[in-house]
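Each value in this text was obtained by applying a stated rule to the coordinates, not by laboratory testing. Just so you know, these numbers come straight off a predicted model, no measurement behind them. Cβ coordinates were reconstructed from backbone atoms using ideal geometry, including for glycine residues, and neighbour counts include every protein chain displayed.
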Amino acid sequence: MKILVTGGTGFIGRWVVKRLLQDGHQVWVVDNLANSSIDNLNEFSNHKNLVSIKIMDVRDKEFLQYIFNEVDFDLCYHLAASINVQDSIDDPETTFTNDTVATFYLLEECRKKNVKIVLMSTCMVYDRASDERGIDESSPTKPASPYAGAKIGAENMVLSYYFAYGLPAVVVRPFNTYGPFQKTGGEGGVVAIFIHNKLVGSSIKIYGDGTQTRDLLYVEDCADFVVEAGYSDKLHGEIVNAGTGNDISINALAELISENQVSIQHIPHIHPQSEIQKLLCHSGKAERILGWKPKISIEEGIKRTEAWIKETMAKKDEEDHE
Ligand SMILES: NC(=O)c1ccc[n+]([C@@H]2O[C@H](COP(=O)([O-])OP(=O)(O)OC[C@H]3O[C@@H](n4cnc5c(N)ncnc54)[C@H](O)[C@@H]3O)[C@@H](O)[C@H]2O)c1
């Protein structure tokens, strides 16, 4: 297939691109590099099926029209977005225009040429899990932050194009994802930040009391799920979750990563009102319809992530000394 991946140089996007190339598809990537580097695709730079990487903004309607006129895509994976809850509270306009308005522009192009779209939403749209069965697709949502609100808006627009125009469309809601290529600074994810702190010997800082839990999904499992949701024709007009079915408190995660090598500190939450206390996924639907199940345990995932961060730090050290 001819496949467009927006946000394809980002953390999850580059793994989605990798899987699509492995499966023999032709891939076009669009990203404005707002939170990523083109180096994330270095591994595939000579791949004959990575047709183009366009450094462009998905808020640019004319540009979207141009690429949809140029190529007859079969499928579009829409991952480009502002992803940070705190940033969305400080600057809701950027998140709303990136996550909701740009999704609408893209949908319009998909509608004109009947291109199937997979919208990358997030578990952050849900209200806290109320029991140990976890959150399934019928669990209540809650726009606790403009990030969640913008994603819920985008989801509803995508689903409306299925109902109103019959556009093949799927909304995927992966739970918190971690692994190699995730940023280790403030804009990264909790696992990458904690591992980085351990490796540089600084303390691990936890917002709030650390009893909040996350269902942490390894990035290759996440990418497999996203890609397979796009391949299936049984999910049109549907929302589907992916997570491991196990949640871990941030306190326990910090202990698992620090291995007593660095101290753990609790600091006041910047935006406690937007924290989701318990995020635990029920992925029965993905398993039933796609036959998808996560393969990588949290221990193995942390090991792989730590190895990658170590390697990246060593490379940077070498470059700095050259
Ligand atoms: N990381 C997670 O835990 C997680 C979990 C569930 C869903 N998601 C979703 O997955 C997607 C990818 O997230 P990620 O973690 O890889 O983050 P990321 O920031 O690495 O990826 C997002 C990409 O979108 C690009 N982008 C942002 N605004 C753009 C614009 N206007 N035009 C073009 N490109 C733009 C960024 O440069 C970046 O490469 C996002 O939609 C996010 O909401 C992430």
If Lys and Arg each add +1 and Asp and Glu each add -1, what is the summed charge of the other residues whose beta carbon sits under 14 Å from the beta carbon of D317? -2
Taking C281, C110 and counting other C-beta atoms within 10 Å, the order from fewest to most: C110, C281
Electrostatic dipole magnitude of segment 15-92 [Cβ: Lys, Arg +1; Asp, Glu -1; Cα centre; debye, to 20]: 280 debye
Binned Cα-Cα distance frequencies in the chain - 10 Å width, integer %: 6, 27, 36, 23, 7, 1
So for K113, K142, K316, fewest C-beta neighbours within 10 Å to most, what's the order? K316, K113, K142
Tell me which of G245, S232, T213 sits at the most positive position along the dipole axis of the chain, charges placed on C-beta atoms (Lys, Arg +1; Asp, Glu -1). S232
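Using the Kirkwood formula over every pair of different C-alpha atoms, what hydrodynamic radius in Å results for segment 1-55?
On the way: mean 1/r = 0.0938 Å⁻¹.
This gives a value of 10.7 Å.
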Amide proton proximity set for H282, modelled H, under 5 Å, gap of 5+: I135, D136
Helix-only estimate, please: 222 nm mean residue ellipticity of the chain, summing -39500 (n - 2.57) across DSSP H runs of length 4 or more and dividing by its residues, to the nearest 500. -12500 deg cm²/dmol
Segment 186-264 versus segment 55-102: alpha-carbon centroid distance in Å: 24 Å
Note on segment 1-134: C-alpha Rg/Rh, Kirkwood Rh, two decimals, gives 0.99
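Determine the dipole magnitude for the chain: charges of +1 sit on the beta-carbon of Lys and Arg, -1 on that of Asp and Glu, nothing else is charged, the reference point is the Cα centre, and the result goes in debye to the nearest 20.
660 debye
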Taking the dipole about the Cα centre of segment 106-201, with the C-beta of Lys and Arg at +1 and of Asp and Glu at -1, give me whichever of Y165, A192, F181 is farthest to the positive side. F181
Ranked on Cβ counts within 10 Å of their own Cβ, fewest leading, D320, D127, D39 go D320, D39, D127
For H269, what is the net charge nearby, where nearby means another residue's Cβ is under 14 Å from its Cβ and Lys, Arg count +1, Asp, Glu -1? -1
For R304 and N69, what is the calculated FRET efficiency with R₀ set at 51 Å and r taken between the beta-carbons, to the nearest 0.05? 0.80
In the structure shown, do any of K142/K278; K151/K285; K183/K285; K112/K234; K113/K295; K151/K183 have a Cα-Cα gap over 25 Å, and if so which? K183/K285; K113/K295
Enter the Cα centre distance for the pair segment 279-306 and segment 126-156, rounded to the nearest angstrom. 19 Å
When only DSSP loop residues count, what GluC sites (Glu not before Pro) in segment 162-261 have their Cβ near at most 11 other Cβ atoms within 10 Å? E259
Chymotrypsin sites (Phe, Trp or Tyr not before Pro) within segment 93-171: DSSP coil, no more than 12 neighbouring Cβ in 10 Å: none
Top positive-direction residue, dipole computed over the chain with Cβ charges, set Q261, G291, Y66: G291
Within straight-line cross-link reach of K205, aspartates and glutamates at Cα separation under 18 Å, skipping those fewer than 8 residues along the same chain: E187, E255, E259, E275, E306
According to a simple spin-label model (label point 7 Å from Cα along Cα-to-Cβ), what is the distance in nm between M313 and T97? 3.7 nm
